[in-house]
Amino acid sequence: MGSYYTIGVISSLNATSTGLLTRKEWVEILNERVDIQLFDLRINRDEAEAFLRPDIFSENIADFYNVLRSILGQERNRNIDYYEKEYGTELEDYQFADTTLYLQHPKGDHITLDMSIALLFIEGKVLAEEFDTDPVLINWLFRHSNIESKLAGCVISAIV
């Protein structure tokens, strides 16, 4: 047992706010972190829920693994290849973990994103049990990079 670093795809999220937000505000906040077009979305004034559409995962995961291999090159961790072969294209076949992101809305409200993520691969054992900065950075970078795969719109890193 231990703590391991992973990259995953957000399969579902529950977002809560310390203030009341309009539907437009929720969409803007969530769209900064995930491509909300990939999700079935339900919004209340102080809460939003989103569920990744299973077809989005199954139709795009092979291409996304190819993107990861391209980014990492020949000397990459071979866990990527193992996970793709072992778990395939169906979202429900993957291992899942829960993680949280904390954000702040420009008007001062605190936003908490509790997420379930499908683990795309485990990088390796780490000494930390949790961290806040890296998941926010990785999520934002993938979301705003010019990567052709739709799944780049819902990537997160975590310690599991």
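The values are calculated or read from the model by the stated rules, or taken from the named source; none is laboratory data. Note that the structure is a prediction, hence the values are computed from the model and not measured. Quick reminder, even Gly has a Cβ in these numbers, built from the backbone with ideal geometry, and neighbours come from all protein chains shown. All accessible areas refer to the heavy atoms of the entire protein, side chains included, with ligands and DNA or RNA removed. Shrake-Rupley method; radii C 1.70, N 1.55, O 1.52, S 1.80 Å.
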Sort THR22, THR133 from largest to smallest accessible area, using a 1.4 Å probe on the heavy atoms of the protein chains.
-> THR133, THR22
For the chain, accessible area per residue (1.4 Å probe, heavy atoms of protein chains only), Å² | 54
For region 87-106 and region 1-71, compute the distance between their C-alpha centroids and round to whole Å.
-> 7
Point-to-point label distance, ASN77-GLU59, nm (Cα→Cβ direction, 7 Å offset) | 3.0
How high is the relative contact order of region 35-160, in percent, with contacts defined as C-alpha pairs under 8 Å that are six or more residues apart?
-> 24
Per DSSP, the loop-located trypsin sites (Lys or Arg not before Pro) within region 59-114 having at most 14 other beta carbons within 10 Å are ARG76, ARG78, LYS107
When we measure straight from the Cα of LYS24, which lysines land under 16 angstrom away, once same-chain ones fewer than 8 places off are left out?
-> LYS107
Give me the angle, in degrees from 0 to 90, between the Cα long axis of helix 23-33 and the longest principal axis of the Cα atoms of the chain, rounded to the nearest 10.
-> 30
Burial ranking of peptide ranges 93-106, 5-18 (average Cβ count within 10 Å, highest at the top) | 5-18, 93-106
Correct semi-axes for region 1-72, from √(5λ) of the alpha-carbon gyration tensor and rounded to whole Å with the largest first, are 27, 16, 11
Short version: what are the Cα gyration tensor semi-axes of the chain, square root of 5 times each eigenvalue, largest first, in whole Å?
-> 27, 17, 14
